[in-house]
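The structure under discussion appears below in the form of structure tokens.
The values are calculated or read from the model by the stated rules, or taken from the named source; none is laboratory data. On a predicted model such as this, the values are computed, not experimentally measured, just so you know. Here the Cβ is made from the backbone with ideal geometry for all residues, glycine too, and neighbour counts use every protein chain on show.
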Amino acid sequence: MPAQRTIGNYVLGALLGRGGMSEVYAAEHRFLGDRVAIKLLRAHLASDPRAAAGFLAEATRTRAIDHPSVVRVIDFGSDGD
């Protein structure tokens with residue numbers, strides 16, 4: 001069985017979707033058990049400063065929205081890869 005991939009305190013599960021710039025995975029906080037979705041910038045874009053800046057801008061704008069039909073952003077960061 002392959003090792004589980006972790007991002008910070010989250011253990012990634014199944015791939016939920018993939019777009020041109022990102023992938024979304026089901027995940028679980030490894031200590032608290034909270035189930036979340038994690039959106040990752042696609043690997044081929046991770047070293048592109050413009051893509052990374054756009055990804056951060058999207059998270060910042062989305063975090064400012066408080067609506068039941070919009071996902072709540074609870075964290076943002078880099079795993080070094």
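Here are a few things to note about the model shown:
- For region 6-28, the set of residues classified as loosely packed, with under 14 Cβ neighbours inside 10 Å and either without any contact (Cβ under 8 Å) to a residue 40 or more places away in the chain or more than 20 Å from Arg72 (Cα to Cα) (or both) consists of Thr6, Asn9, Ala14, Leu15, Leu16, Gly17, Arg18, Gly19, Gly20, listed by residue number.
- Some residue of region 38-54 being closer than 15 Å to Thr6 by Cβ and either touching a Leu at 6+ places or on another chain (Cβ under 9 Å) or modelled with pLDDT of 95 or more (or both): yes
- Meets criteria (out of contact with any helix residue (DSSP H, G or I) (no Cβ under 9 Å at 6 or more places or on another chain) and not hydrophobic (A, V, I, L, M, F, W, C)) for Arg61: yes
- Residues of region 47-58 satisfying the condition of being among the hydrophobic types (A, V, I, L, M, F, W, C), under 14 Å from the mean Cα position of the chain (by Cα) and exposed (fewer than 15 other Cβ atoms within 10 Å of the Cβ): Ala52, Leu56, Ala57
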